1. What is the number of the single condition among (1) open to solvent by less than 10 Å² (accessible area, probe 1.4 Å); (2) under 21 Å from the mean Cα position of the chain (by Cα) that residue 379 does not meet?
2. Can you tell me which residues in the stretch 66-81 are loosely packed, with under 14 Cβ neighbours inside 10 Å and in contact (Cβ under 8 Å) with a residue 60 or more places away in the chain?
3. Which ones in the stretch 41-65 are free of Cβ contacts under 8 Å to residues at least 40 places away in the same chain, out of contact with any helix residue (DSSP H, G or I) (no Cβ under 6 Å at 6 or more places or on another chain) and open to solvent by 30 Å² or more (accessible area, probe 1.4 Å)?
4. Given the condition acidic (Asp, Glu) and either more than 16 Å from residue 295 (Cβ to Cβ) or out of contact with any strand residue (DSSP E or B) (no Cβ under 7 Å at 6 or more places or on another chain) (or both), answer yes or no: does some residue in the stretch 357-367 qualify?
5. Kindly establish whether residue 38 is open to solvent by 20 Å² or more (accessible area, probe 1.4 Å), within 27 Å of residue 188 (Cα to Cα) and either modelled with pLDDT under 95 or in contact with a Lys or Arg (Cβ under 7 Å, 6 or more places away or on another chain) (or both).
6. Any chance the stretch 152-168 includes a residue that's under 17 Å from residue 213 (Cβ atoms) and at pLDDT below 85?
7. Residue by residue through the stretch 292-311, note down the ones that are at pLDDT 90 or above and not in a helix (DSSP H, G or I).
8. Looking at the stretch 333-345 only, could you name the residues that are open to solvent by less than 20 Å² (accessible area, probe 1.4 Å) and out of contact with any helix residue (DSSP H, G or I) (no Cβ under 8 Å at 6 or more places or on another chain)?
Amino acid sequence: MSGLHASSSPRLAVVGIGEDGWSGLGDPAREALRAARTLIGSERQLDLVPAEITAAREPWSRPFLERVDALAAAINAGEDPTQWTVLASGDPMFHGVGTTLAARIDPALLHVVPAPSAFSIACARLGWPTDATPLVSRVKDPSNPILGRLVKAGRGVVYVPGTDGAARIAEQLRGAGLGLCRFVVMERVGGPHERIVESTAAAWSGDADDLHLVAVELVAPLRATRPPAVVQPSADPAEAALADRLTSTVPGLPDDAYVGDGQLTRAEVRAVVLAALAPRPGELLWDLGAGSGTVSIEWVRAAPGARAVGIERRDDRSATITENAARLGAAEAAELGAPGLSLLTADIEDRLDALPEPDAIFVGGGGTSAVIERCWAALRPGGRIVANAVTLEGEQALVAAASAHGGTLIRLEFSRAEPLGGFTGWKPHRPIVQWAATKDPA
């Protein structure tokens, strides 16, 4: 049986080292390096170790994981792990090689000596609490979505690869209407060559040092206490208003936050729908007849790790959903049922049987009795279903569903004040009948 306490048995040392190099290491890290026989690390990390450490030096080969797998295989086969010492950037167990190794060998065979991570140093420089600041790494996964997590927390740190990493993040934020957010580029944090540049996503362009990260704060442009940006762009009032609204994850974004052909659940109705669906962390929503994607997008935004599968039969509307999701901070799921929004372009009836079990279902279009019954059967115990109808035929299907399964029926009617000649009058919108029910947990 393996133990998690300190052990006298041979272990593989994994030593974290920062940009300050040898001077920033404590005694345990220095002792591990003095005892090393072969040091494995990136060329940059190896260069930080002084010449007095006489161990052989082996840069990581490419692809990186091949050498990690070979090292783990040797240790798992019984070879002495002390013949190698691995160097890592900062904290090896925070998005580092330590976690990669711990997934491949018994953690009891690892002797990890951490240093401060670039993330913790960045938070220290900014005065941000690390426990309330999300980190998104695009080093391992360049497609890792950022907007959803930034919107939920109002701020975040992004690890980026390459000299153009900051520029690519700035471009994405501008595309989402968040060009006025605070944008801080930090190069070589923690070392003698550290450089921090304050800007906005709208103003940032050009490359940064190959070793840099980006700190983003969405609410900063609205606070008088924020230090001035290096370049203050002229503020577009519409963009500023949308950026302000996007810092909240409460459902009911304004209709004009979405692009499309007008086929969307209106903000007033959407807020009622999401309240009945009750998004919870990690839960999965089916959004059937997704239209412009408003309900599934705001479901994903509302809870950490929330997942949604949208089904829309029209190609043009599917393209619209993808655009809206990218602009409004709803991460695109890597695979069906993964965190974020998955989109299927198909008729509802053709795809229901292939979907993962849902925690909640919204039927916004095509809500026939047959579809609703299939949804009820698929819904997990304790799950919620909400269906809207604007036609008499759809209303009849909802009345039948309520008779069969219980729940509540409500009729939503609202009007908006709009210009009427030289005056202002009320313009009524079509009444919406809504059925909402929770499946018996038993």
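1. If we test residue 379 against (1) open to solvent by less than 10 Å² (accessible area, probe 1.4 Å); (2) under 21 Å from the mean Cα position of the chain (by Cα), just (2) comes out false.
2. First, the residues of the stretch 66-81 that are loosely packed, with under 14 Cβ neighbours inside 10 Å: 66, 69-70, 73, 76-80.
Result: 80, single match.
3. Filtering the stretch 41-65 down to residues free of Cβ contacts under 8 Å to residues at least 40 places away in the same chain leaves 43, 47-65.
After this cut, where a residue has to be out of contact with any helix residue (DSSP H, G or I) (no Cβ under 6 Å at 6 or more places or on another chain) as well, the list is 43, 47, 49, 51-52, 54-56, 58, 62-65.
Selection gives 43, 47, 51, 52, 54, 56, 58, 62, 63, 64, 65.
4. yes
5. No: the conditions fail for residue 38.
6. Initial filter on the stretch 152-168 (under 17 Å from residue 213 (Cβ atoms)): 153, 155-168.
From the residues that got through so far, the ones that are at pLDDT below 85 too are 153.
Yes, the stretch 152-168 contains at least one residue that is under 17 Å from residue 213 (Cβ atoms) and at pLDDT below 85.
7. Those that are at pLDDT 90 or above and not in a helix (DSSP H, G or I): 292, 293, 307, 308, 309, 310, 311.
8. Going residue by residue through the stretch 333-345, those that are open to solvent by less than 20 Å² (accessible area, probe 1.4 Å) are 333, 337-338, 340-342.
Passing the criteria: 333, 337, 338, 342.
The values are calculated or read from the model by the stated rules, or taken from the named source; none is laboratory data. Small disclaimer: the values here were computed from a predicted structure and weren't measured. Using ideal geometry, Cβ is built from the backbone for each residue, glycine included, and neighbour counts are taken over all protein chains shown. The area values use the complete protein model at the heavy-atom level, side chains included, leaving out ligands, DNA and RNA. Shrake-Rupley method; radii C 1.70, N 1.55, O 1.52, S 1.80 Å.
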